[in-house]
Amino acid sequence: MTGAGASAESGIPTFRDAMTGLWSRYSPEKLASPAGFAEDPALVWNWYAWRRDIVAAAEPNRGHKAIGEMQSILPDCTLVTQNVDGLHQRAGSKAVIELHGNLFENICSEDGQPVEPAAWIPGEPPLCPRCGSPVRPGVVWFGEMLPENALTSARIAAAECDVFFSVGTSSLVYPAAELAELALRAGAVIVEINPAPTPLTGLADHAIAEPSASALPRICQALGQSRKGVTK
């Protein structure tokens, strides 16, 4: 499971770190909640357009790429992310379980169904061609539930895994933080990769106090060498 720290070395600011300059006068709830969107949809839409531009200009880092390589070595490796930037997919990861949605997807604010840019009615925000409701980013906002299918798949993977990597996440935000707990109860080996200590650090079998972009490539290289040895 990866969190904001996995994308930090790609220059992606965390949600709160992005609230600088023009955006510093707004509260998180104003910019990322159903109520805030209902009150001022143009403001929220432009905030996310600004964030999309930042993410679109970024590139996957060595940590993202190492995870993609790890999945090619171990086909049963499941990737769950709290990030919405899509950098894992751009680094080659497949079937990513996105707990908080994706910044580049757009949905109808009324029924939550996808709306393709080619179909929407232009505006700030654009409108859904089916019902005329405002289109919003396909991310999870404050006060909203995580996507049920994604959360269920993540819970099953955590409860059945042999090794659980917690990468660049604070282990504070639930229900995502419960995944490591599920893996712990199931007897999995817990590996935390995070420069700063978290509530998971003392429970982990291996706590690596490094950025993921430096730790993961070494782990992936060792894993590849190990698998070659098994094949021989």
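What follows is calculated from the coordinates using simple rules that are stated; it is not laboratory data. Quick caveat, the model's predicted, so the values are computed rather than measured. Neighbour counts run over all protein chains shown; Cβ positions are idealised from the backbone, glycine included.
Counting pairs of alpha carbon atoms under 8 Å apart in space and at least six apart in sequence, what relative contact order in percent does the chain give?
On the way: 370 pairs, mean separation 49.4, N = 232.
Relative contact order of the chain: 21 percent.
Which angle from 0 to 90°, rounded to the nearest 10, does the C-alpha axis of helix 212-231 make with the longest principal axis of the chain?
Once rounded, the angle reads 50 degrees.
Quick one: H206, H100, H88, fewest Cβ neighbours within 10 Å first, how do they rank? Please report the intermediate quantities before stating the final value.
Working: H206 12, H100 21, H88 24.
Placing the least packed residue first, the sequence is H206, H100, H88.
Find which of F37, T2, W47 sits farthest along the positive direction of the dipole of the chain, computed with +1 on the beta-carbon of Lys and Arg, -1 on that of Asp and Glu, about the Cα centre.
The listed residue farthest towards the positive side: T2.
Hey, can you grab everything whose amide H is under 5 Å from the amide H of E192? Only 5+ residues off in sequence or another chain; H modelled, so Pro and N-termini drop out.
S166, H206, A207, I208
Estimate the FRET efficiency between A56 and H206 by the formula 1/(1 + (r/R0)^6), using the beta-carbon distance for r and 30 Å for R0, to the nearest 0.05.
0.30
Multiplying the sequence separation of C131 and A222 by 0.36 nm and subtracting their Cα-Cα distance, what value in nm do you get? Let's see the in-between values first.
Numbers: separation 91, 0.36 × 91 = 32.76 nm, distance 5.32 nm.
My answer for the length gained is 27.4 nm.
Evaluate the charge dipole of the range 14-87 about its Cα centre and quote only its size in Debye, nearest 20, assuming +1 on the Cβ of each Lys and Arg and -1 on the Cβ of each Asp and Glu.
So the magnitude is around 160 debye.
Whole-Hz ³J(HN,Hα) for each residue in the range 91-98, computed from phi via Karplus 6.51 cos²θ - 1.76 cosθ + 1.60 with θ = phi - 60°, x for glycine and proline: what do you get?
Karplus-based 3J(HN,Hα) across the range 91-98 equals 8, x, 6, 10, 6, 6, 8, 9 Hz.
What trypsin sites (Lys or Arg not before Pro) in the range 46-124 are in a loop by DSSP, with at most 11 other Cβ atoms within 10 Å of the Cβ?
K94
Per the chain: cysteines with no other Cys C-beta under 4.7 angstrom?
C77, C131, C161, C220
Tell me the angle of helix 41-57 to the major Cα principal axis of the chain, expressed in degrees between 0 and 90 and rounded to the nearest ten.
The helix 41-57 is inclined about 40 degrees to the chain.
To the nearest µm²/s, what D does Stokes-Einstein give for the chain at 10 °C and 1.306 mPa s, using the Kirkwood radius over alpha carbon pairs as Rh? List each step's numbers first, then the result.
Details: Rh = 18.8 Å.
Rounded to a whole number, D works out at 84 µm²/s.
Evaluate E = 1/(1 + (r/R0)^6) for F104 and A159, where r is the Cβ-Cβ distance and R0 equals 35 Å; express this FRET efficiency to the nearest 0.05.
Computed FRET efficiency for F104 and A159 comes out at 0.70.
At a 10 Å Cβ-Cβ cut-off, how would you order Y26, Y48, fewest neighbours first?
Y26, Y48
Would you mind working out the magnitude of the charge dipole of the chain relative to its Cα centre, with +1 at each Lys and Arg C-beta and -1 at each Asp and Glu C-beta, to the nearest 20 Debye?
Its charge dipole is roughly 660 debye.
With everything on Cα atoms, drop me the angle between helix 62-73 and the longest principal axis of the chain, reported from 0 to 90° to the nearest 10.
60 degrees
Full-extension gain between S72 and F142, please, as 0.36 nm times their residue separation minus the C-alpha to C-alpha distance.
21.7 nm
Residue-wise, which Karplus ³J(HN,Hα) couplings in Hz belong to the range 162-175, taking 6.51 cos²θ - 1.76 cosθ + 1.60, θ = phi - 60°, and x for glycine or proline?
My calculation for the range 162-175 gives 8, 9, 10, 9, 10, 10, x, 10, 6, 6, 10, 8, 9, x Hz in order.
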